[in-house]
Each structure stands twice: as C-alpha cells, then as structure tokens.
1. Where residues in region 3-38 are touching a strand residue (DSSP E or B) at 6+ places or on another chain (Cβ under 7 Å) and outside any helix (DSSP H, G or I), which of them is farthest from Ser150 (Cα to Cα)?
2. So, Glu153, is that one under 26 Å from Ala79 (Cα atoms) and among the acidic types (Asp, Glu) or not?
3. Taking the options Ser3, Ser44, Ser48, name whichever one is touching a helix residue (DSSP H, G or I) at 6+ places or on another chain (Cβ under 8 Å) and away from ligand 1 (no atom under 16 Å from the Cβ).
4. Of the residues Ala174, Ala179, Ala192, Ala168, which is crowded, with 19+ Cβ neighbours inside 10 Å and under 19 Å from the mean Cα position of the chain (by Cα)?
5. Going by the conditions given, is Gly32 without any contact (Cβ under 8 Å) to a residue 60 or more places away in the chain, within 13 Å of ligand 2 (Cβ to nearest atom), open to solvent by 10 Å² or more (accessible area, probe 1.4 Å) and within 16 Å of Leu20 (Cβ to Cβ)?
6. So Ser8 ticks every box in (1) among the hydroxyl-bearing types (Ser, Thr, Tyr); (2) more than 23 Å from Ala103 (Cβ to Cβ); (3) open to solvent by 30 Å² or more (accessible area, probe 1.4 Å) but one. Which box is left unticked?
7. Identify the single condition in (1) open to solvent by 10 Å² or more (accessible area, probe 1.4 Å); (2) not in a helix (DSSP H, G or I) that Ile101 does not satisfy, given that it satisfies every other one.
8. Within 14 Å of the chain's Cα centre (by Cα) and over 22 Å from Ala179 (Cα atoms): which single residue out of Ala51, Ala15 fits that description?
Amino acid sequence: MESFANASGGAVIDALVRALRENAVVLSEIDGAIGDGDHGINMSKGFSLCAERLAGTEYDLAAGLTTLGNVLLTEIGGAMGPLYGTFFREMAKPAKGSERIDAPLFQTMLERASQAVVALGGAKLGDKTLLDALLPALEAFKTACAAGSSFAEALAALGEAAERGKEATRGMVAKMGRASRLGERSRGVLDAGAASCALILTTMTASMTRLLA
Ligand code: ADP
Ligand code: MG
C-alpha cells in the first residue's frame, strides 16, 4: 500500500507555510467582501509564527501539525484561530508514533480533525463556512478509498472536492460568524474560510503526493 514517511512530512508543513504566506492578500480580499478583511493576514501571521517556532528543529508530520495547531490556537485572533488550531492539533494525534502515513491513517486524521471543528464551531454543511470545503473533501477521500483507489488517486479526489466545495459557497447565505449579519447580501461571493480550507487541503494533498513511495 502507498504511504509516506512521517519523518518526511515536515515538507507538508513547509509547503503550507509558503502557500498561506503567498495567498495572504487574496484571502483577506475575499474576507473583505462580507467580513472584516483580516482572514489572510491572520492566517499568514499564524503560519509564519509556526515556521519560526520550527526553524532549526527536526519535525515529522505529526510534530509539525501539533506546533501549527498550538500556534494557531493560542496566538491567532478571529474565528479561525481556535477552529484551525483545533483542526491541526486533532489531525496530528492519530499520526503520533506512526512511522508511515498511509490512506487509512490519513482518513482517520482527517475525520478526527473535521469532527473536532464541527463540534467546536457548531456549523453545518451549507452554512457558508470552511466546512463546505472540508466535509465534501473528506467524503470524496473516503469514497475513493472505499472504491479501491490508490492513496494518490484519493488525494486527488480530495483536492478536487475541496475546490468544488469552495466554489459552491458563492451560492450560499452565511449562517455563522461575522458574515451572517448580512443575511441574503452574503450570497454571491466566496467564503473566506472555505477558500483558505481549499488552499490548505490542495497544498497538503499535492505535497503528500510528492512524498508517496
Ligand atoms: P473573523 O470572522 O473573526 O474575522 P476570520 O476572518 O479569520 O474570522 O474567519 C472567517 C471565517 O470563519 C468565515 O469565512 C467562515 O468560514 C469561518 N467560520 C466562522 N464561524 C465559523 C464556525 N462556527 N464554524 C466553522 N467556520 C466558521
Ligand atoms: Mg475576518
């Protein structure tokens, strides 16, 4: 079965830091349409702090995800600090102590992370939040694995579903957070959290696919 070494997974964290830094302005512009325009800047700050924390140390995927989660949870403001902090911390837990990450383990990591975000934020599918990228992506990964797809194929399906989920938020009315105050006027533009979530998931899946052996 295809897998990659937990020890090589530091590259996934490095790719995430780069992607969030590069997209800080775009993500804040998306948030600016129906929110307060801080999303990309906050996320970029958090991921940069994580990179500072990890610099000069050796870290596997589990350790990198844990540090990322801790930094986001404790040092980043806005709705997303606690939500993404919890997401990455929970994602790390099943991987701790595993030498290799294969598709079943990654599914467990994603499921655990998603369940924790649902429990913490209380949002549902269709509420125009990051869950509208995350939950369809998880489902696509599970469906692909159950149908006998390889880890690489399932990762590709995950990334595509996250992008579709992000695009679908344009048609939704925000039910959670700041944008929900706008009611119907929140329809017609992307959700910032869904945009960052799709970016995170596609960056993760692309870098994991490069590590597969
Ligand atoms: P803030 O609204 O505090 O400025 P951000 O701009 O960092 O926070 O994040 C806004 C994003 O948070 C929204 O686009 C939405 O995806 C997400 N969000 C808000 N509330 C929730 C929730 N309860 N569950 C999941 N995601 C949420
Ligand atoms: Mg905001």
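1. Out of the qualifying residues, it is Ala5.
2. Here the answer is no, as Glu153 does not meet what is asked.
3. After applying the criteria, what remains is Ser3.
4. Numbers: Ala174 fails: under 19 Å from the mean Cα position of the chain (by Cα); Ala179 fails: under 19 Å from the mean Cα position of the chain (by Cα); Ala168 fails: crowded, with 19+ Cβ neighbours inside 10 Å.
One residue alone meets the criteria, Ala192.
5. The answer is no for Gly32.
6. Answer for Ser8: the failing condition is (2).
7. Of the numbered conditions (1) open to solvent by 10 Å² or more (accessible area, probe 1.4 Å); (2) not in a helix (DSSP H, G or I), the odd one out for Ile101 is (1).
8. Numbers: Ala51 fails: within 14 Å of the chain's Cα centre (by Cα).
That would be Ala15, the only listed residue that is within 14 Å of the chain's Cα centre (by Cα) and over 22 Å from Ala179 (Cα atoms).
The values are calculated or read from the model by the stated rules, or taken from the named source; none is laboratory data. Keep in mind the model is a prediction, meaning the values are calculated, not measured. A quick note on method: Cβ atoms are made from the backbone with ideal geometry, for glycine too, and the neighbour counts reach across all protein chains shown. Just so you know, the surface numbers come from the protein's heavy atoms only, side chains and all, with ligands and any DNA or RNA stripped out. Shrake-Rupley method; radii C 1.70, N 1.55, O 1.52, S 1.80 Å.
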